[in-house]
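One structure is given below, encoded as structure tokens.
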Amino acid sequence: MIDTTQEMDVRNLPRKGKPRPADVTGHAFYGRDILSVDQFGREDLEYIFRVADEMRTLVERFGSADLLQGKVLANLFYEPSTRTAASFMAAMQRLGGQVIPINNVQYSSVAKGESLPDTVRTLEAYADVVVLRHPEVGSAALAARYAHKPLINAGDGIGEHPTQALLDIFTIYEEFGHIDGLKVAMVGDLKYGRTVHSLTKLLLLYDVAFYFVSPDILRMPEDIIERVKASGHSFREVVDIHEIIHEVDVLYVTRVQKERFDDLAKYEAVKDFYVVDPELMQQAKERMIVMHPFPRVGEISYAVDDDPRAAYFRQIENGMYVRMALLAAVLGKA
Ligand code: NCD
């Protein structure tokens, strides 16, 4: 088990490494770890939205740039990933940087029993920034305590997935032009889904109404519900998606997280609980969007893909622009 007893205030993380004068832009994220969405305020998000938009333009016009030339990213994945790993790699490469991809830890010294701190301290000797995905809650915070270079949490078990939440909220902003006033439904595995944990916390910065739609055994964890209550946001917990489909602006669908279940019979009982199909979409507003962090394993039928309200492939593309913006900020080049 990861030792998370030493609580950290993630809003006040120290800058790391020695800033070189040419690098210093004064941006708040320069040299910092990105561990939790709690580090972000509205102004930070507005900044990331602006830079991510610039990154989109840059990619559309030129394909790549040399902003991070000479910089190296170590991409350390202890859990499977397609989008998060590939989009960090693409982001780094499109900004002229290089990547050390370690995504088959069974072939690395981790398989020989190397500890997370030793692995991270080794990789940071070669790199300027480390991206880490790990199955245990608190792993990113633990690794960051040992690392001298910035460490970015790419998912720590059922804990947080801050960069996913940033790309999710950027997508909502891009699709509607605003976030305040929207009604956001999160659907599926709200218990084990780290993306909805991070996104809910981040959306608390805005005036949104929440709908938490899940089978009873996959309800949103109590600590997050408490935060929503304490902040005074309106929220409803429902089991039947038909009760709310006609009123939501954002339908954020998630996969039931099979790998987090001890009892696979329980997984089987809930895995097909929700399926977003054209029939359900007929009951949704004309102007709304469907999102999903992917991978999908049946929660959204392929027949929905051609519906202009299906925003999930646009969301995936946005992930690269947001990660370009983040890497530039953390490496002092934004
Ligand atoms: C998510 C994750 O890994 O938490 N995927 C992702 O990063 N895009 C969601 C999931 O695995 O269901």
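The values are calculated or read from the model by the stated rules, or taken from the named source; none is laboratory data. As the structure is a prediction and not an experimental result, all values here were calculated from the model. Please note: Cβ atoms are built from the backbone with ideal geometry, for glycine as well, and neighbour counts cover all protein chains shown. Calculation scope for accessible area: heavy atoms of the full protein, side chains included, ligands and nucleic acids excluded. Shrake-Rupley method; radii C 1.70, N 1.55, O 1.52, S 1.80 Å.
In summary, Y252 fulfils each of the numbered conditions (1) more than 30 Å from G97 (Cα to Cα); (2) assigned to a loop (DSSP other than H, G, I, E, B); (3) aromatic (F, W, Y) with the single exception of condition (2). One residue stands out among those in the range 65-84 that are among the polar types (S, T, N, Q) and open to solvent by less than 20 Å² (accessible area, probe 1.4 Å): the one that is nearest to E160 (Cα to Cα), which is T84. Is it true that some residue in the range 106-117 is open to solvent by 40 Å² or more (accessible area, probe 1.4 Å), among the acidic types (D, E) and not in a helix (DSSP H, G or I)? Yes: the range 106-117 contains one or more residues that are open to solvent by 40 Å² or more (accessible area, probe 1.4 Å), among the acidic types (D, E) and not in a helix (DSSP H, G or I). S87 fulfils the conditions (1) buried (at least 18 other Cβ atoms within 10 Å of the Cβ); (2) in a loop (DSSP other than H, G, I, E, B) except for a single criterion, (2). Taking the conditions exactly as written (buried (at least 23 other Cβ atoms within 10 Å of the Cβ) and on the phi > 0 side of the Ramachandran plot), does G138 satisfy them or not? So G138 fails the test. Scanning the range 72-95 for residues that are within 18 Å of V322 (Cβ to Cβ) and either free of Cβ contacts under 8 Å to residues at least 40 places away in the same chain or within 16 Å of the ligand (Cβ to nearest atom) (or both) yields a count of 13.
If you filter the range 142-163 down to residues that are open to solvent by less than 30 Å² (accessible area, probe 1.4 Å) and among the hydrophobic types (A, V, I, L, M, F, W, C), you find that the one that is farthest from the ligand (Cβ to nearest atom) is A147.
Number of residues in the range 129-151 that are outside any helix (DSSP H, G or I), within 21 Å of the chain's Cα centre (by Cα), closer than 23 Å to G31 by Cβ and not hydrophobic (A, V, I, L, M, F, W, C) equals 5. Residue under question is Y267, and the condition is that it be within 16 Å of the ligand (Cβ to nearest atom), more than 24 Å from Y173 (Cα to Cα) and assigned to a loop (DSSP other than H, G, I, E, B); does it hold? It is false that Y267 is within 16 Å of the ligand (Cβ to nearest atom), more than 24 Å from Y173 (Cα to Cα) and assigned to a loop (DSSP other than H, G, I, E, B). For L166, the stated conditions hold: it is of a type in the set (A, V, I, L, M, F, W, C), crowded, with 21+ Cβ neighbours inside 10 Å, within 14 Å of the ligand (Cβ to nearest atom) and part of a helix (DSSP H, G or I).
Taken over the range 206-237, the criterion of being within 21 Å of the chain's Cα centre (by Cα), over 14 Å from V248 (Cα atoms) and open to solvent by less than 60 Å² (accessible area, probe 1.4 Å) is satisfied by Y206, S214, L218, M220, P221, I224, I225, V228. In the range 283-317, the residue that is nearest to the chain's Cα centre (by Cα) out of those that are more than 12 Å from the ligand (Cβ to nearest atom) and assigned to a helix (DSSP H, G or I) is E317. Pairing each residue of the range 252-264 that is near the ligand (Cβ under 9 Å from one of its atoms) with any residue that is of a type in the set (S, T, N, Q) and not in a strand (DSSP E or B), provided the two are 6+ apart or on different chains, yields C-beta distances under 8 Å for T254/T195. Assessment of the range 175-188 against the conditions (surrounded by 21 or more Cβ atoms within 10 Å (Cβ to Cβ), under 18 Å from the mean Cα position of the chain (by Cα) and within 10 Å of the ligand (Cβ to nearest atom)) yields at least one matching residue. Considered as a group, the residues in the range 23-64 that are assigned to a helix (DSSP H, G or I) and under 20 Å from A141 (Cβ atoms) include one that is most open to solvent (accessible area, probe 1.4 Å), and that residue is D38.
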